[in-house]
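Heads up, the thing below is written out as structure tokens.
The values are calculated or read from the model by the stated rules, or taken from the named source; none is laboratory data. Because the structure is a prediction, the values reported are computed rather than measured. Cβ placement follows ideal geometry from the backbone for every residue including glycine, while neighbour counts extend to all protein chains displayed.
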């Protein structure tokens, strides 16, 4: 299964969620490939790269052999195609949104789960990630909430579904949720009552806030090694199980 995380705004927990869902999959003994399509390369920083080879996502999209772009990450059961600042120069044009889909065909069957992180804007990189995906997760939180951004990413996904009918919107993922915050509780109700019911997009889950997530990312270790019993570890495992069908045991 290929899962893309995308949202039309920064600061929503998109990269963190990509990394921790990859870690959740690895915890369940899945073989995981993470692809960093963001020129800022934050997913690459979070997971780490265990070697100094030249392969990266820019070369992948420009037609280089996919297997040569894969690196071992610093974490067990997770391989990574690192990001590159050069991704910001990827040209558009006819057929450009299919590059990732075509490039990953030879390797996607080698993995149980492929996770794709994207930049926080529409464009050729986001379109490639949607065109290649089976599922779309849309992360939001109180700091990075944008109703316009939500409607835009949903519209983009529904456009891509015309050429990629396998793409399904897994739902909205509320990250860094503080159950003691009245604003968070209010926004949660708004998402459920207004956005999800109005658009038919499912509500996927809630990730409770904890500093353990930041600590694990800082140290480039899996959350399931650093703090396996924290609330976010449980919440992300539930999300992984819901999206993929892997049982949470």
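Would you please name the residue that is farthest from the chain's Cα centre (by Cα), looking only at residues in segment 192-205 that are more than 15 Å from residue 24 (Cβ to Cβ), free of Cβ contacts under 8 Å to residues at least 60 places away in the same chain and outside any helix (DSSP H, G or I)? Spell out how you get there, then give the answer.
First pass over segment 192-205, keeping only residues more than 15 Å from residue 24 (Cβ to Cβ): 192-203.
When the remaining residues are screened for being free of Cβ contacts under 8 Å to residues at least 60 places away in the same chain, the result is 192-200, 202-203.
Then keep just the ones that are outside any helix (DSSP H, G or I); that gives 200, 202-203.
Working: 200: 21, 202: 17, 203: 16 Å.
So, considering only residues that are more than 15 Å from residue 24 (Cβ to Cβ), free of Cβ contacts under 8 Å to residues at least 60 places away in the same chain and outside any helix (DSSP H, G or I), the one farthest from the chain's Cα centre (by Cα) is 200.
Quick check on residue 179: is it outside any helix (DSSP H, G or I), at pLDDT 95 or above and more than 30 Å from residue 72 (Cα to Cα)? Before you say what the answer is, go through the steps one by one.
Working: outside any helix (DSSP H, G or I): yes; at pLDDT 95 or above: no; more than 30 Å from residue 72 (Cα to Cα): yes.
So residue 179 does not fit the description; no.
Return the residues of segment 222-249 that are in contact with a helix residue (DSSP H, G or I) (Cβ under 6 Å, 6 or more places away or on another chain) and not in a loop (DSSP other than H, G, I, E, B); say none if nothing qualifies. I'd like the intermediate steps shown before the answer.
Start the filter on segment 222-249 by keeping residues that are in contact with a helix residue (DSSP H, G or I) (Cβ under 6 Å, 6 or more places away or on another chain), which leaves 222-224, 226-227, 230, 232-233, 236-237, 240, 248.
Result: 223, 224, 226, 232, 233, 236, 237, 240.
Give 174, 203, 224 a once-over and let me know the one that is buried (at least 17 other Cβ atoms within 10 Å of the Cβ) and under 18 Å from residue 5 (Cα atoms). If you could, list the steps in order and put the result at the bottom.
Working: 203 fails: buried (at least 17 other Cβ atoms within 10 Å of the Cβ); 224 fails: under 18 Å from residue 5 (Cα atoms).
So the residue among 174, 203, 224 that is buried (at least 17 other Cβ atoms within 10 Å of the Cβ) and under 18 Å from residue 5 (Cα atoms) is 174.
Using the structure shown, decide if residue 150 is part of a helix (DSSP H, G or I), surrounded by 20 or more Cβ atoms within 10 Å (Cβ to Cβ) and either touching a helix residue (DSSP H, G or I) at 6+ places or on another chain (Cβ under 8 Å) or in contact (Cβ under 8 Å) with a residue 40 or more places away in the chain (or both). If you could, list the steps in order and put the result at the bottom.
Numbers: part of a helix (DSSP H, G or I): yes; surrounded by 20 or more Cβ atoms within 10 Å (Cβ to Cβ): yes; either touching a helix residue (DSSP H, G or I) at 6+ places or on another chain (Cβ under 8 Å) or in contact (Cβ under 8 Å) with a residue 40 or more places away in the chain (or both): yes.
When the stated conditions are applied, residue 150 passes them.
Going residue by residue through segment 212-221, is there one that turns out to be farther than 26 Å from residue 128 by Cβ, in contact (Cβ under 8 Å) with a residue 40 or more places away in the chain and assigned to a strand (DSSP E or B)?
Within segment 212-221, none of the residues are farther than 26 Å from residue 128 by Cβ, in contact (Cβ under 8 Å) with a residue 40 or more places away in the chain and assigned to a strand (DSSP E or B).
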